[in-house]
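One structure is given below, encoded as structure tokens.
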Amino acid sequence: MQFIQQKLIQGLPAGYTSTITQPEDAEQIAKMWAAVGDYLGQTRQYDPNEIRSDWETPDYHLQESSRCVRNEDGDVVGYLNLWDNANPPLHPHVSFGIHPDHFDAGIGEPMLQWAEARARQAIDRCPPEVRVSMLMSSNLKNQPIIDTMESYGLKAIRYFFRMIINMTEAPPKPQLPEGYIIRPMKFPEELEATIRADDAGFKDHWGYMESSWEDLLKEWNHHVETDKYFDPDLWFLAIEEATGEIAGISLCRNEAWAEPSLAYVMDLCVLREHRKKGLALALLHHSFGEFWQRGRKDVALHVDGSSLTGAVRLYERAGMHQDETTAQYELLLREGEELMTTAIDQKD
């Protein structure tokens with residue numbers, strides 16, 4: 001893979017320099033993200049080891065794909081990370097952060113220039129005639145970052161919600177349709193079947209992209225091996241008793257990333273042929289019930305605000321409410337046919 005020769009961010013204002021991100025930078029990056037959280041009125045506790053674990057994702061190359069911006073004291077005050085390890089990398093995603101004390105320093109535009117140049121390298125690794133774009137996201141309350149992205153030419157294309165339930169009493173018992181049960185995943189023997197079910201269930205999710213089985217397995221194995229809160233007892237499967245097949249999943253985590261006070265539903269989906277039977281609500285209530293028994297009364301998840309399968313309405317019925325909104329922004333790199341899912345029935 002060939003990468004741009006311009007290794008560092010160019011055009012930074014006086015007093016700022018750029019460096020290639022190194023594993024030992026994770027501590028300072030965690031502090032920077034915590035400062036952003038404080039600015040937004042959030043309480044976040046970022047774990048440097050989890051940041052380093054992300055950098056070890058298969059087919060990701062830290063030194064080619066990430067840059068830090070430092071002030072005169074050498075502190076990290078800006079951070080870029082570009083994920084183009086999908087195959088093909090049709091929509092490279094950029095993590096973009098600036099310490100609130102440096103929002104007005106003028107470092108944002110040079111950072112985005114580097115990100116765009118790096119993202120454009122993905123074009124040659126994509127099939128001809130397909131659409132390629134760079135994606136970025138920001139909490140809607142982070143107006144300085146929103147302004148920087150919009151002034152650079154990025155356009156908001158989608159909104160995602162974090163939803164929360166704060167349980168004050170035990171949740172309803174799940175009402176399962178006849179012929180289905182819910183139980184924890186048997187690990188490790190059912191891991192691969194669970195991964196396949198997750199992939200099939202999210203085919204109707206906006207932004208879904210086909211991946212090879214080899215790539216999916218590598219990514220999930222990395223997650224299972226490195227996530228300190230991976231617990232197969234919190235990976236719930238809805239099973240069709242007649243066939244023994246997985247009909248739906250609720251993959252949970254005892255703690256949300258960066259927020260120890262919240263339990264988290266990481267992935268929840270029902271395969272297309274098993275929908276409209278109440279399985280999704282049953283899986284959600286089952287998950288809430290397990291968290292309640294563990295003393296975890298506050299539970300969060302993330303959802304597409306315009307979910308193609310009506311997930312927002314489902315979560316509201318379960319007693320959840322919108323807590324945060326994230327906007328996804330896009331910079332078009334090449335026109336062409338869009339291969340990611342944008343509507344139901346687009347992909348089988």
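What follows is calculated from the coordinates using simple rules that are stated; it is not laboratory data. Predicted model only: the values in this text are computed from it and were never measured. Every residue, glycine among them, receives a Cβ derived from its backbone with ideal geometry; neighbour counts consider all protein chains shown.
With a sphere of radius 15 Å drawn around the Cβ of Pro100, what net charge do the other residues whose Cβ falls strictly inside it have (Lys, Arg +1; Asp, Glu -1)?
So the environment of Pro100 carries a net charge of -2.
For segment 199-249, the square roots of the Cα gyration tensor eigenvalues, ordered a ≥ b ≥ c, give a/c of at least 1.5 with a/b no greater than b/c, which places it in the oblate category. Note on Leu112, Leu314, Leu12: ascending count of other Cβ atoms within 10 Å places them as Leu314, Leu12, Leu112, the fewest first. Looking at the square roots a ≥ b ≥ c of the eigenvalues of the Cα gyration tensor of segment 264-328, which shape do they give, rounded for a/c under 1.5, prolate if a/b is larger than b/c, or oblate? Since a/c reaches 1.5 but b/c is at least a/b, the shape of segment 264-328 is classed as oblate.
Put a dot 7 Å past the Cα of Glu150, heading toward its Cβ, do the same for Thr325, and the two dots end up 1.2 nm apart.
In a DSSP loop and with at most 16 other Cβ atoms within 10 Å, the GluC sites (Glu not before Pro) in segment 68-173 are Glu72, Glu129, Glu169.
Consider a paramagnetic label point 7 Å from the Cα of Tyr39 along Cα→Cβ; state which residues of segment 141-174 have an amide N under 12 Å from it. Taking a point 7 Å out along Cα→Cβ of Tyr39, the residues of segment 141-174 whose backbone N falls under 12 Å are 141-149. Taking other C-beta atoms within 10 angstrom as a stand-in for reagent exposure, Cys68, Cys126 fall in the order Cys126, Cys68, fewest first. The residues neighbouring Ser261, those whose beta-carbon lies less than 12 Å from its own, together hold a net charge of 0 under the Lys/Arg +1, Asp/Glu -1 convention. Per-residue extension of 0.36 nm, minus the Cα-Cα distance of Arg183 and Met209, leaves a gain of 6.5 nm for this segment. Taking each of Lys141/Lys203; Lys173/Lys277; Lys31/Lys218; Lys173/Lys276; Lys276/Lys297; Lys31/Lys155 in turn, the alpha-carbon distance tops 22 angstrom for Lys141/Lys203; Lys31/Lys218; Lys276/Lys297; Lys31/Lys155. Spatially, segment 297-348 and segment 40-83 are offset by 25 Å when compared through their Cα centroids. Against the chain, whose longest principal axis is taken from its Cα atoms, helix 279-293 shows a tilt of about 80°. Compared with the direct C-alpha span, the chain from Glu27 to Asp104 gains 25.4 nm at full extension, assuming 0.36 nm per residue. Decide, for segment 163-326, between rounded, prolate and oblate: order the square roots of the alpha carbon gyration tensor eigenvalues as a ≥ b ≥ c, take rounded if a/c falls under 1.5, and otherwise choose prolate if a/b is larger than b/c, else oblate. Because its axes are fairly even, with a/c under 1.5, segment 163-326 counts as rounded. The trypsin sites (Lys or Arg not before Pro) of segment 69-130 include none that meets both criteria, a DSSP state outside H, G, I, E and B (loop) and at most 11 other C-beta atoms within 10 angstrom of the site's C-beta. Between the helical axis of 191-201 and the dominant principal axis of the chain, each derived from Cα atoms, what acute angle in degrees is found, rounded to the nearest 10? With rounding to tens, the tilt is 80 degrees.
Between the helical axis of 213-226 and the dominant principal axis of the chain, each derived from Cα atoms, what acute angle in degrees is found, rounded to the nearest 10? Relative to the chain, helix 213-226 is tipped by roughly 90 degrees. For segment 61-74, backbone phi angles converted through the Karplus equation (6.51, -1.76, 1.60; θ = phi - 60°) give residue-by-residue couplings of 10, 4, 5, 8, 10, 9, 9, 10, 10, 10, 8, 5, 7, x Hz, Gly and Pro being listed as x.
Describe numerically, in nm with one decimal, the distance between label points set 7 Å from Cα along Cα→Cβ at Gln63 and at Glu337. Distance between the two pseudo-spin positions: 3.9 nm.
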